[in-house]
Amino acid sequence: MKPLRFRPWAPLLAALVLLLPYPPVSAETPPEGFSPLFNGKDLTGFRGGDTYDHRKLLSLPEAERKALIDKWTASMLEVNPKSGKPHWYFENGELVNDGLGAYATTEKDYGDFELLIDYKTVPKADSGIYLRGVPQVQIWDSTEKEKFNIGADKGSGALWNNSPGAPGKDPLVLADEPFGQWNQFRIMMVGSRVSVWLNGKQVVKNAVMENYYDRKLPVPVKGPIQLQTHGGEIRWRNAFVREIPPAEADRILSKDGESGFTPLLNGRDLKGWAGPLDNYEVVDGAVKCKAGKGGTIYTEKEYGDFVVRLEYKLPPGGNNGLAIRYPGKGDTAYEGMCELQVLDDNYEKVTNSKIDPRQAHGSAYGMAAAARGFQRPPGEWNYEEVTVTGSKIRVELNGFVVLDTDLSQIKEYLANSPHPGKDRVRGHFGFAGHNDPVMFRNVRLREL
């Protein structure tokens, strides 16, 4: 069916901000750091939109893309002959939709953001908010019995287009206000992870938003915010948005399930590590592979199943890797369970050489290819989380799941080179340097 529709404050204060809902706001007093999503008078900054893959839209020839957007915008602005008003119009500072027309879609594309918005709708309502052009944070009538079989009785605010049983598919609590009253959303999106508060109650907690258009790919890095229309009047007000900078995004991602992690680096030296330690140095609390040097350094301790969280920074064309279940000798890409690539997404341009998809960043080298395009520019820190359970490996980069594979199922290898270590069940964790000054910091591991 068609989708239903830093400032450097103290860490404690930052944590409280993540947990507490914002108080009601007015159009005249946006919270600090936020900007109005609309001006309360006209649709400046908005275009028409539909349920349409934003990646596909951007890939269209310019003339074709413009014609499609113009068509949607004309539908958005079309006058309803029954009311004599456009499908979308402002009334007393509120953005009103009559239930018809294309979706009100921001001209601006957003990456990581926080959105505050109020809505009020009518019985049997069915609407939603598309995040980066992807459906959707659901809005509907929780009393409409005809839709109880698809979850309406659970309430609004969830990621309805997620797969059945997936986190975020259903709201954690029923938080809708009675009809005739305003509802207040707070929506936070970092990478593909979404948290939603409705009327001060958290209804989605750090759930991965699935890509409705292609579930094998993460949602786009950037895209528009869309206010959906789907047959019933809905009103919007107090809409404010704040773009989240990378450093704050990393803190948000690292806060989830933080307990139980043990630091692997002390920020001063490489105590607790083995291998060619002279090829690495500790700089400003981070471990750095010396230029022109390399080799695999690794923890003295061995691990079976684990989750590791870390930040890394690459120079242009930088190349390194994460040694997973490394035996302490040989090439971890072959003798260890695998080497998870740490590679500049622009490697091919910088080095004027071509790589196999199984060599891209986040890939299990030579075995399983990761999705590309989710890395920050060289010189910026990236946040990565790797989960190793049995023969399965999951890599999340800046909040996007770029690899989710089972190495026991791999039958084809780069250059037909076998990987005898891929079935290892235990080994060391480490960094596999390849002559570039790649840096790692805040490396924490939790055994499973």
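A few points about this structure:
- Selected residue (criterion: farthest from the chain's Cα centre (by Cα)) from residues of region 35-90 that are β-branched (V, I, T) and assigned to a loop (DSSP other than H, G, I, E, B): T44
- Unique match (being surrounded by 16 or more Cβ atoms within 10 Å (Cβ to Cβ), under 25 Å from K216 (Cα atoms) and in contact with a Ser or Thr (Cβ under 8 Å, 6 or more places away or on another chain)) among L397, L445, L340: L340
- Failed condition for K329, given (1) more than 20 Å from E384 (Cβ to Cβ); (2) outside any loop (DSSP other than H, G, I, E, B); (3) basic (K, R); (4) not assigned by TED's automatic domain parsing to the domain that holds Q181: (2)
- Lone unmet requirement of (1) modelled with pLDDT of 95 or more; (2) buried (at least 20 other Cβ atoms within 10 Å of the Cβ) for N279: (2)
- A415 meets the conditions (1) within 30 Å of the chain's Cα centre (by Cα); (2) of a type in the set (A, V, I, L, M); (3) over 30 Å from V282 (Cβ atoms) in every case but one. The failed one is (1).
- With a requirement of 1 or more residues that are within 21 Å of K205 (Cβ to Cβ) and of a type in the set (V, I, T), the strands (runs of 3 or more DSSP E) lying completely within region 91-180 that satisfy it span 113-121, 126-131, 134-140.
- Test: residue in region 232-240 that is in the same structural domain as G99 (by TED's automatic domain parsing), in contact with a Phe, Trp or Tyr (Cβ under 7 Å, 6 or more places away or on another chain) and of a type in the set (D, E): no
- Considering residues of region 282-326 that are among the basic types (K, R) and assigned to a strand (DSSP E or B) only, the residue nearest to K392 (Cα to Cα): R325
- For region 181-196, filtering for residues that are part of a loop (DSSP other than H, G, I, E, B) and either surrounded by 22 or more Cβ atoms within 10 Å (Cβ to Cβ) or hydroxyl-bearing (S, T, Y) (or both) leaves 2.
- Which numbered condition S353 fails, given (1) closer than 22 Å to G111 by Cβ; (2) surrounded by fewer than 19 Cβ atoms within 10 Å (Cβ to Cβ): (1)
- Pick from region 78-89, criterion surrounded by fewer than 18 Cβ atoms within 10 Å (Cβ to Cβ) and of a type outside the set (K, R), ranking: nearest to R235 (Cα to Cα): Y89
The values are calculated or read from the model by the stated rules, or taken from the named source; none is laboratory data. Predicted model, so just to flag it, every value in this text is computed and none were measured. All Cβ positions, even for glycine, are placed from backbone atoms using ideal geometry, and neighbour counts span all protein chains on display.
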